[in-house]
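See below for the structure under consideration.
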Amino acid sequence: FLMSQRPNIVVEGVYLLGGGALLKDLDKFLQAQLGVPVACLNPFRSLDTSIVSAKMGREEITKIAPVYAVAVGLALWASL
């Protein structure tokens, strides 16, 4: 939609976040429909999560990460 409204804008990729990002194969479906890379956002990517990952496991943290995008963003903003 954005590219059809503004021809000078090129969307090079899409990030999914929130609970909807956890829907099975949503990223693959959107990538096929939009023709651009689609990935789930991981707000923990640059953070030290070793304490939590020791208890939960890194895979579990990565799986639920998109749900915490807004919370991590607000926490980072509040720490400024």
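Solvent-accessible area per residue for the chain at a 1.4 Å probe radius, Å²? Write out the running numbers ahead of the final one.
Details: 6360 Å² over 80 residues.
Value for the chain: 80 Å² per residue.
Using alpha-carbon pairs under 8 Å, 6+ residues apart, how would you state the relative contact order of the chain in percent?
Working: 68 pairs, mean separation 26.5, N = 80.
About 33 percent, as a whole number.
Loop only per DSSP, at most 11 neighbouring Cβ atoms within 10 Å: give me the trypsin sites (Lys or Arg not before Pro) in the range 18-80, ordered by residue number. Mind showing how you got there, number by number?
Values: sites: Lys24, Lys28, Arg45, Lys55, Arg58, Lys63; in loops: Lys24, Arg45.
Hits after loop and neighbour filter: Lys24, Arg45.
Based on the Cα coordinates of the range 28-72, what is the per residue volume of their convex hull in Å³?
On the way: hull volume 3.8 nm³, N = 45.
Here the figure is 84 Å³ per residue.
At q = 0.17, 0.22, 0.23 Å⁻¹, what base-10 log of I(q)/I(0) does the Debye formula yield for the chain when every alpha carbon is treated as an equal point scatterer in vacuo?
The Debye formula, applied to the Cα set alone, gives -0.79, -1.05, -1.09.
Angle, helix 69-78 long axis vs. longest principal axis of the chain, Cα atoms, 0 to 90°, nearest 10?
70 degrees
The values are calculated or read from the model by the stated rules, or taken from the named source; none is laboratory data. Note that the structure is predicted; figures quoted are calculated from it, not measured. Note: ideal-geometry Cβ built from the backbone for every residue, glycine included; neighbour counts use all protein chains shown. Side chains included, ligands, DNA and RNA excluded: accessible areas come from the protein's heavy atoms. Shrake-Rupley method; radii C 1.70, N 1.55, O 1.52, S 1.80 Å.
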